[in-house]
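*Asks:* The structure is given below, and queries will be raised subsequently.
The values are calculated or read from the model by the stated rules, or taken from the named source; none is laboratory data. It should be emphasised that the depicted structure is a prediction, and the values quoted were computed from it without experimental measurement. Every residue, glycine as well, gets a Cβ built from its backbone with ideal geometry; the counts of neighbours run over all protein chains shown. Heads up: the accessible areas ignore ligands, DNA and RNA and are worked out on the full protein's heavy atoms, side chains in. Shrake-Rupley method; radii C 1.70, N 1.55, O 1.52, S 1.80 Å.
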Amino acid sequence: VPVITLTTDFGAGDWFVGAMKGVILEINPRTTIVDISHGITAGEIRAGAFALASSFRFFPKGTVHVAVVDPGVGSRRRGIVVETARYSFVGPDNGVLSWALAQERIKGIHALENEAFFRRPVSQTFHGRDIFGPVAAHLSLGLAPGKLGPRTKKLVRLPWPQTRVSKGRIDGEILHIDGFGNAITNLDVKALAGNRWDVFLGRRRICRVERFYQAVAPGRPVAVPGSTGFLEIAVNGGNAARKLGLRIGVRVSLRTRH
Amino acid sequence: VPVITLTTDFGAGDWFVGAMKGVILEINPRTTIVDISHGITAGEIRAGAFALASSFRFFPKGTVHVAVVDPGVGSRRRGIVVETARYSFVGPDNGVLSWALAQERIKGIHALENEAFFRRPVSQTFHGRDIFGPVAAHLSLGLAPGKLGPRTKKLVRLPWPQTRVSKGRIDGEILHIDGFGNAITNLDVKALAGNRWDVFLGRRRICRVERFYQAVAPGRPVAVPGSTGFLEIAVNGGNAARKLGLRIGVRVSLRTRH
Amino acid sequence: VPVITLTTDFGAGDWFVGAMKGVILEINPRTTIVDISHGITAGEIRAGAFALASSFRFFPKGTVHVAVVDPGVGSRRRGIVVETARYSFVGPDNGVLSWALAQERIKGIHALENEAFFRRPVSQTFHGRDIFGPVAAHLSLGLAPGKLGPRTKKLVRLPWPQTRVSKGRIDGEILHIDGFGNAITNLDVKALAGNRWDVFLGRRRICRVERFYQAVAPGRPVAVPGSTGFLEIAVNGGNAARKLGLRIGVRVSLRTRH
């Protein structure tokens, strides 16, 4: 029985996630629904895209991944289902799926147009409950994506923040602050092997790249290879974002150490 | 296998929800437990009643809905199970079930008195774990509600905030602020059809009723038919509660536009 | 099919819990995963230990309890699995399991060393996903703990805050503030039977011990036997921590009343 995952900005205080799960279970009572996160900042498509891209590949083959960070709900933005070698992805075509899809080989994209697989009447404000949830439930039952709507080539792709590599230096930026206050950058740890690096915020050297948090004294900053494959700036036993004033978008430079 | 839903004010920081699920799974290991919300404001019976009333009907027939917002726990307030055509409802008889039940045809109400179906000893502070959870688990196994205690006619019903309709005008109020900052009113969207409406807070006109958020420019207020069937006041891409200073109980007037 | 429980400080805003569940479900698609809490304060081992100790015993026999509050992740602290008469416990050997284990008869402890049961490569920052989750999934499939690594006698045990009993007086402290603002002490309610007690913070008498919240008027403080077996300081219908300025570690005295 396929797993269905949910990544949304619906939060914990309301019934939105529950209603969406009810609709799914009415269609497929045997599916396992897993919450990736409902704590995405409201309307922050990039944050939802990053959460999905950081977690989707740990799920079993056949999993249906649903992401709903959807500030355009009710407007003319499309809903889509994307099939890859291992998974199905369902959500609004606003880029929220695109960072995960950049890691996958896409087999086909279909627009969600066949209302027979929607919950009706479709509201103008809650397509998670009325479109994406029901569609995911039908896919988990084996529905062919082609039944959901016409094949399409178009896909909204969020630009990935590129790093810049020069002699002895790599420039990147902070992509995400996690709940521990660790700052996840776009610096791929595979690009760092074979050198020792200092980490700079602007001209200020803040720490070295080490292998784990405890390589520095408690309360001291350190950069380590993170679990998503990107360099993270942390404080051993503390909150780096608070201590160092880090925020999404802040520029980070690495320079080789001699 | 029936679904059991949980709606509580237990929050995310403690083990209360987990303990309740453990007790349920010990009695019925095969049930599917779905969280509607555990983020109801502590002790706010109306908020719990509204969350349940907004979501219960999306679950499969046979679902057992448990709601525990229970500031009177340990006192003489009763526990009840209510059977309707499609569902069972379990919780304290303090009104938390009543807004959902107002939408259903009630087949029977029983007081929860038979301690054989409770976890013992019963604490004075956590009936979710000791009474409502176990009772729901037994119901999900097919237990007849009559085994749980005597039939009763009484039910505590929360008053529903009424709207007032006069010529070219409807007066209502804000029932809920959701996690996006949208203000859900008690104004039934079915009553609005056929007219165009302006929305007032006191004497201040704040927006029009439109069909979806993007009918106005980003950052501008708008009222739209919400997914629960009530009019919502929103800000396109923003937080209406913060921007407009909205709170539960604030009065909202609609006037026809010419 | 055994239940797997999760108690972590991963929070609700990130994908960490989701990724861990994906890894578990890939190994054992049929297990039921229950969240005890992911809202443990970051790095607060005692808070995680208390949450697990307060909830583990409500789960069915055979449950695999995983606790990951792990500020030492990536350093040389060990991972362990502990078998008791009814359960398996998996996590870092930093004390987070120890308050639960103090209530159980331990049958065996094994260090987690066999990488065949890990997800590889093992990150230095996320052993929940790469070690503890996979190990728990294999245990839920029936793996003998001896396959995971060598038997050991050592176990890091957090000291339990002791109470001090003298004539007509018991001194203790606050262990936890729950989401309602109730302060859970280390005062065992079984030690209080047969006497009537006044509750003091330092020299200030704040309330009596009663049987339930409503024994005092709304807004008034009261101490009641809590659902974990410890005395709780509450405010009827209010938030005791805020109203009385309570925090973890604050000393509480009981004196008999005449």
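*Asks:* Using a ≥ b ≥ c from the Cα gyration tensor of region A:42-153 (square roots of the eigenvalues), is it rounded, prolate or oblate, where a/c under 1.5 gives rounded and otherwise the larger of a/b and b/c decides, a/b for prolate?
*Replies:* Oblate.
*Asks:* Please calculate the 1.4 Å probe accessible area of C:MET20, with all protein chains present, and give it to the nearest 10 Å².
*Replies:* Answer for C:MET20: close to 0 Å² accessible.
*Asks:* For B:GLU113, B:GLU44, give the ranking by accessible area with the largest first, probe 1.4 Å.
*Replies:* Ranking B:GLU113, B:GLU44 by accessible area, largest first, yields B:GLU113, B:GLU44.
*Asks:* While we're looking at this one, here's another question. Report the charge-dipole magnitude of region B:75-135 in Debye, nearest 20, computed about the Cα centre from +1 at each Lys and Arg Cβ and -1 at each Asp and Glu Cβ. Numbers along the way, then the final one.
*Replies:* Details: 9 positive and 6 negative charges, 10 e Å.
Once rounded to the nearest 20, the dipole reads 40 debye.
*Asks:* Could I ask something else about it? Residue by residue through region B:181-192, what is 3J(HN,Hα) from phi via Karplus (6.51 cos²θ - 1.76 cosθ + 1.60, θ = phi - 60°)? Round to whole Hz and write x for glycine and proline.
*Replies:* Values per residue, Gly and Pro as x: x, 6, 9, 8, 9, 8, 8, 5, 5, 5, 6, 9 Hz.
*Asks:* List the accessible area buried at the contact between A and C, summed over both sides and calculated with a 1.4 Å probe, in Å² to the nearest 100.
*Replies:* On the way: alone 12930 and 12900 Å², together 23600 Å².
The A and C chains share an interface burying roughly 2200 Å².
*Asks:* Now, a different point. Measure out, as a whole number of angstrom, how far apart the alpha-carbon centroids of region C:76-132 and region C:167-187 sit.
*Replies:* Region C:76-132 and region C:167-187 have Cα centres spaced 30 Å from each other.
*Asks:* To continue, here is another question. Cα centroid distance between region A:24-44 and region B:191-231, in Å?
*Replies:* Between the Cα centres of region A:24-44 and region B:191-231 lies a distance of 29 Å.
*Asks:* Name the chain C residue with the Cβ nearest the axis that maps C onto B: which is it, and what is the distance in angstrom?
*Replies:* Axis-proximal residue of C, distance in whole Å: C:ALA12, 4.
*Asks:* Show me, for region B:241-253, the HN-Hα J-couplings you get by feeding each phi into the Karplus relation (A = 6.51, B = -1.76, C = 1.60, θ = phi - 60°), rounded to Hz, glycine and proline as x.
*Replies:* 4, 5, 5, 9, x, 7, 9, 4, x, 5, 7, 10, 10
*Asks:* Once both labels are modelled 7 Å past Cα along the beta-carbon direction, what's the C:ARG204-B:ALA217 spacing in nm?
*Replies:* Placing both labels 7 Å along Cα→Cβ, they lie 5.3 nm apart.
*Asks:* Can you give the Rg and Dmax of chain A based on its C-alpha atoms, in angstrom?
*Replies:* Computed over the Cα atoms of chain A, radius of gyration and Dmax are 20.3, 66 Å.
*Asks:* Can you give the net charge of the other residues whose Cβ lies under 15 Å from the Cβ of A:ALA42, counting K and R as +1 and D and E as -1? All intermediate terms of the calculation are to be shown ahead of the outcome.
*Replies:* Numbers: positive: A:ARG46, B:ARG242, B:LYS243; negative: A:ASP9, A:ASP14, A:GLU44, A:ASP70, B:ASP178, B:GLU232.
So the environment of A:ALA42 carries a net charge of -3.
*Asks:* Computing the accessible area with a 1.4 Å probe over protein heavy atoms, can you report the carbon and sulfur percentage for the protein assembly as shown?
*Replies:* Percent of accessible area from carbon and sulfur atoms in the protein assembly as shown: 51.
*Asks:* About the Cα centre of region C:46-104, how large is the charge dipole given +1 on each Lys and Arg Cβ and -1 on each Asp and Glu Cβ? Please answer in debye to the nearest 20. Kindly include the intermediate steps, with their values, before the conclusion.
*Replies:* Values: 7 positive and 4 negative charges, 5 e Å.
So the dipole magnitude of region C:46-104 works out to roughly 20 debye.
*Asks:* Kindly flag which residue pairs out of C:LYS21/C:LYS147; A:LYS147/B:LYS190; C:LYS21/C:LYS190; C:LYS107/C:LYS167 have an alpha-carbon separation exceeding 30 Å in this structure.
*Replies:* Over 30 Å Cα-Cα: A:LYS147/B:LYS190; C:LYS21/C:LYS190; C:LYS107/C:LYS167.
*Asks:* Using Cα pairs closer than 8 Å and at least 6 residues apart in sequence, work out the relative contact order for chain A, in percent.
*Replies:* Working: 565 pairs, mean separation 39.7, N = 258.
Across chain A, relative contact order equals 15 percent.
*Asks:* Further, regarding this structure: Compute the label-point distances linking B:PRO218 to its equivalents in the other copies; points lie 7 Å from Cα along Cα→Cβ; give nm, one decimal, shortest first.
*Replies:* 4.5, 4.5
*Asks:* Let's see if you can work this out: charge +1 on each Lys and Arg Cβ, -1 on each Asp and Glu Cβ, no other charges. What is the dipole magnitude of region A:1-131 about its Cα centre, in debye to the nearest 20?
*Replies:* In debye, rounded to 20, region A:1-131 gives about 340.
*Asks:* Shortest first, in nm, what separates the label point of B:ARG203 from those of the same position in the other copies (7 Å along Cα→Cβ)?
*Replies:* 5.8, 5.8
*Asks:* In nm, give the distance between the simple-model label positions of A:ARG57 and C:SER166, each being 7 Å from the Cα along the Cα-to-Cβ direction.
*Replies:* 6.3 nm
*Asks:* Rolling a 1.4 Å sphere over the protein heavy atoms, what is the accessible area per residue of region C:1-90, to the nearest Å²?
*Replies:* Normalised by residue count, the accessible surface of region C:1-90 is 28 Å².
*Asks:* Further question: Going by amide H atoms built from the backbone, whose H comes under 5 Å of the H on C:VAL34, apart from near neighbours?
*Replies:* Answer set, sorted by chain and number: C:ILE4, C:THR5, C:LEU6.
*Asks:* How far apart are the A:GLY249 label points across copies, placing each 7 Å from Cα toward Cβ, in nm, shortest first?
*Replies:* The answer, with the shortest distance listed first, is 3.8, 3.8 nm.
*Asks:* Can you work out the accessible area per residue across region C:135-258, with the rest of the protein chains kept in place, probe 1.4 Å, in square angstrom?
*Replies:* Working: 6570 Å² over 124 residues.
For region C:135-258, the per-residue accessible area is 53 Å².
*Asks:* What per residue convex hull volume, in Å³, comes out for the protein assembly as shown when only alpha-carbon positions are used?
*Replies:* Dividing the Cα hull volume of the protein assembly as shown by its residue count gives 185 Å³.
*Asks:* Which ³J(HN,Hα) values, rounded to whole Hz and listed in residue order, are derived for region B:76-92 from phi using the Karplus coefficients 6.51, -1.76 and 1.60 in 6.51 cos²θ - 1.76 cosθ + 1.60 with θ = phi - 60°, glycine and proline given as x?
*Replies:* 8, 4, 7, x, 9, 10, 10, 9, 10, 4, 10, 9, 10, 10, 10, x, x
*Asks:* Out of region A:38-105, which trypsin sites (Lys or Arg not before Pro) are coil in DSSP terms and have no more than 11 other C-beta atoms within 10 Å?
*Replies:* Listed in order of number, the matching sites are A:LYS61, A:ARG76, A:ARG105.
*Asks:* Something else now. Just which residues of region A:107-126 lose 20 Å² or more accessible area with every protein chain there, against their chain alone, with the probe set to 1.4 Å?
*Replies:* Residues of region A:107-126 that lose at least 20 Å² of accessible area once the other chains are added: A:ARG119, A:GLN124, A:THR125.
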